[in-house]
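Here is the structure we will look at.
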Amino acid sequence: MNKYLKVTKFIKSLYPGQNPVPLHAPVFLGKEKEYLMECIDSTFVSYVGKYVTKFEEMTAEFTGAKYAVAIVNGTAALHIALRIAGVQYGDEVITQPLTFVATANAIVHCGAKPIFVDVDLDTMGMSPEKLNDWISKNVEYNHSTKRTINKTTGCHISAIVPMHTFGFPCRIDDIVKIGSKFNIPVIEDSAESIGSFYKGKHTGTFGLAGVLSYNGNKTITTGGGGMIITDDESFARNVKHLTTTAKIPHRWEFVHDEVAYNYRLTNLSAAVGVAQMEYIDKILLNKRNTAERYKQFFESSDIEFLREPRNSISNYWLNSIKLKNREARDNFLEYVNNNGVMARPIWRLMNKLEMYTHCQCSDIENSELLENCVISIPSSVISNLS
Ligand SMILES: *Cc1c(COP(=O)(O)O)cnc(C)c1O
């Protein structure tokens, strides 16, 4: 008997009748259809309509951020957040090697270059100690310009982008402290962590701004979509301006005051978002219960189930496990994927992707260990919400 038969059976028992069991399928159990029909009947399907504002208000309320601005997707939201934070052509931005490729891409969309600093083993997010280490050894702080310069390249380091992996909050308060010491703003890639809290505060609300994603595989979805959350009023205003073609409000004139973007979220997408936000608490509770069942199951096996780190509440977006080594990881993936259960390795490290091999890195031993051993397993909402 294959040693992974039991876990395959267990996962199938959580998601009966699904073959293969998907990694993360969306659910539409609220008023999504009703609101969509209303958009269509009213003809307000595009950028004007009440749902965009409603979605932004609900997100601000839920996360505790003062402002929330809806954006066409999470990648575009990261791009704009970095631009408004001051990232310019030729700059450098510190992020982690263990992340989804969009984090690094958004940095390059600004004309900047990523630097990769290792993650912690328990949070899988940027390690404050390694960040402090790398910065102490590699930068010079110019007191008159208040800019932090990379000693090797001479480039301005203009942002830090930690990521809350699979919904596990990283040690974001310490990272923000290091950022302030060097006058480097922190933009949180909280694309995976809606509903995740660190020391009682929602992820994405620690740095200058945070970014959420509503891609189809995320905790809640709008088909595709994103959000920038911030407490800074002028930041929020600039985000709105830059993502809506920088048009100066006027009843009929077309006057635009900079080269900007059309990164708006449509009213159709926002309508789905509003419906999803109305029962996000039930979704989060359901996912938490699933994580608990996984935890109990894996206690009697030699596979480690990854628990939320200390001081935090995870949304358990993707439940994940740690195998002993690369070989065990590959055997597991081979078996379960051949037997009707979708499972995926964590991402290949950014510095190993062709376009990022030339980037500067800290030591990345933790990222490498996780890359070799971590697998995500099915984590959709289970059957109904009751
Ligand atoms: C999903 C995701 C994004 C990008 O969001 P999209 O809405 O798909 O563009 C960015 N960063 C991370 C870590 C993500 O998981």
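Things to note:
- TYR294 crowded, with 19+ Cβ neighbours inside 10 Å and part of a loop (DSSP other than H, G, I, E, B): no
- Residue in segment 51-70 that is within 16 Å of the ligand (Cβ to nearest atom), more than 30 Å from ILE375 (Cβ to Cβ) and among the aromatic types (Phe, Trp, Tyr) present: yes
- Hits in segment 124-140 - residues which are over 14 Å from ASP174 (Cβ atoms) and of a type in the set (Lys, Arg): LYS137
- Every residue from segment 73-83 that is more than 7 Å from the ligand (Cβ to nearest atom) and surrounded by fewer than 24 Cβ atoms within 10 Å (Cβ to Cβ): ARG83
- Only one of PHE116, PHE100, PHE62 that is in the same structural domain as ASP174 (by TED's automatic domain parsing) and in contact with a strand residue (DSSP E or B) (Cβ under 6 Å, 6 or more places away or on another chain): PHE116
- Residues considered: VAL176, VAL186. Of these, the only one that is of a type in the set (Val, Ile, Thr), surrounded by fewer than 24 Cβ atoms within 10 Å (Cβ to Cβ) and within 16 Å of the ligand (Cβ to nearest atom) is VAL186.
- Exactly one residue out of PHE305, PHE254 is without any contact (Cβ under 8 Å) to a residue 24 or more places away in the chain and within 27 Å of ILE228 (Cβ to Cβ): that is PHE254.
- Checked against (1) surrounded by fewer than 21 Cβ atoms within 10 Å (Cβ to Cβ); (2) within 16 Å of the ligand (Cβ to nearest atom), ALA106 meets all criteria but (1).
- Within segment 335-386, if we keep just the residues that are of a type in the set (D, E, K, R) and assigned to a loop (DSSP other than H, G, I, E, B), the residue that is farthest from ASN150 (Cα to Cα) turns out to be ARG348.
- Close Cβ contacts (under 8 Å, 6 or more residues apart or on different chains) running from residues in segment 221-233 that are within 17 Å of TYR51 (Cβ to Cβ) to residues that are among the charged types (D, E, K, R) and outside any loop (DSSP other than H, G, I, E, B) comprise MET227/GLU56.
- Criterion: more than 16 Å from the ligand (Cβ to nearest atom) and in contact with a Gly (Cβ under 7 Å, 6 or more places away or on another chain) - qualifying residue of ASN267, ASN238: ASN267
- All positions within segment 189-220 that are within 12 Å of the ligand (Cβ to nearest atom) and without any contact (Cβ under 8 Å) to a residue 60 or more places away in the chain: SER190, THR203
- Residue match in segment 178-197 (condition: closer than 19 Å to THR95 by Cβ, under 21 Å from the mean Cα position of the chain (by Cα) and of a type in the set (Lys, Arg)): no
- Criterion (touching a residue at least 12 places away in the same chain (Cβ under 8 Å), in the same structural domain as ALA102 (by TED's automatic domain parsing) and closer than 30 Å to CYS155 by Cα) met by exactly one of TYR51, TYR89, TYR67, TYR47: TYR89
- Flag: THR99 does not match the condition of being within 16 Å of the ligand (Cβ to nearest atom), in contact with a Cys (Cβ under 6 Å, 6 or more places away or on another chain) and farther than 25 Å from ALA236 by Cα.
Here is a yes/no grid of residues against (1) at pLDDT below 95; (2) closer than 30 Å to PHE28 by Cβ:
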residue	(1), (2)
ALA328	no, no
GLU334	no, no
TRP347	no, yes
ASN351	no, no
MET355	no, no
CYS359	no, no
LEU385	yes, yes
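- Single unsatisfied condition, ILE157 versus (1) touching a strand residue (DSSP E or B) at 6+ places or on another chain (Cβ under 6 Å); (2) more than 14 Å from the ligand (Cβ to nearest atom); (3) closer than 18 Å to GLY64 by Cα: (3)
The values are calculated or read from the model by the stated rules, or taken from the named source; none is laboratory data. In this text the structure is predicted, and so the values were computed from the model without any measurement. In this analysis, Cβ positions are derived from the backbone assuming ideal geometry, glycine residues included, and neighbour counts consider all displayed protein chains.
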